[in-house]
Amino acid sequence: GGGYTFKIIKNQTELNDIIPDLNLNKYPNSKCYIFYEDDIIVGFIFLQKTDNSVVHPVLKEIPKDEIFIWGVEVLPEFRGKGIGYTMMKMILKDDKKYFLRVNKGNEPAVKLYTKLGFTIFREESITVDGNEIPRYIMKKN
């Protein structure tokens, strides 16, 4: 393969053809980076620039104009090849602050984000179907 390329999508109609269950309209100032190896989709990163209109509770304590990464997804058949790291390296900029949320038990992801320079900002937990899931909010810069 000739390495990876990405396309930035800010428009729900365009996204519907690729990842129909991701709703950009619910997240003001959001965009989705779709990553390709040759013409094959290998993964995506979904992020949102925070502003005062964002009502999601996790964003309330994150300063305006920072970037919250909602999802980093590598398609199952491409996992374990370092693609997540490559995708993140392609989009992270040194002069920006980033936040993301990750389940504590997801060790590969926690390791990946740590390697990329993220540190634990705080811990939280949610309850799903009666099970408590501990999570980290991680921050870079």
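The values are calculated or read from the model by the stated rules, or taken from the named source; none is laboratory data. What you see is a predicted model; the values in this text were computed from it and never measured. Note: ideal-geometry Cβ built from the backbone for every residue, glycine included; neighbour counts use all protein chains shown. Keep in mind that these areas ignore ligands, DNA and RNA; they rest on the heavy atoms of the full protein, side chains included. Shrake-Rupley method; radii C 1.70, N 1.55, O 1.52, S 1.80 Å.
A few remarks follow.
- Flag if residue 47 is buried (at least 16 other Cβ atoms within 10 Å of the Cβ) and either under 21 Å from residue 118 (Cα atoms) or aliphatic (A, V, I, L, M) (or both): yes
- Here the range 64-123 is the region considered, the condition is being of a type in the set (Val, Ile, Thr) and open to solvent by 40 Å² or more (accessible area, probe 1.4 Å), and the residue that is farthest from residue 3 (Cα to Cα) is 120.
- Between 116, 92, 75, the distinction of being touching a helix residue (DSSP H, G or I) at 6+ places or on another chain (Cβ under 6 Å) and hydrophobic (A, V, I, L, M, F, W, C) belongs to 116 only.
- Conditions (1) under 24 Å from residue 121 (Cα atoms); (2) assigned to a strand (DSSP E or B); number of the one not met by residue 58: (2)
- Any hit, the range 93-116, residues being under 20 Å from residue 9 (Cβ atoms), in a strand (DSSP E or B) and β-branched (Val, Ile, Thr): no
- Among residues of the range 77-92 that are touching a residue at least 60 places away in the same chain (Cβ under 8 Å), none has a Cβ under 7 angstrom from a residue that is assigned to a loop (DSSP other than H, G, I, E, B) and open to solvent by less than 30 Å² (accessible area, probe 1.4 Å) at a sequence gap of 6+ or on a separate chain.
- Residues in the range 17-55 that are among the aliphatic types (A, V, I, L, M) and either in a strand (DSSP E or B) or on the phi > 0 side of the Ramachandran plot (or both): 34, 40, 41, 42, 45, 47.
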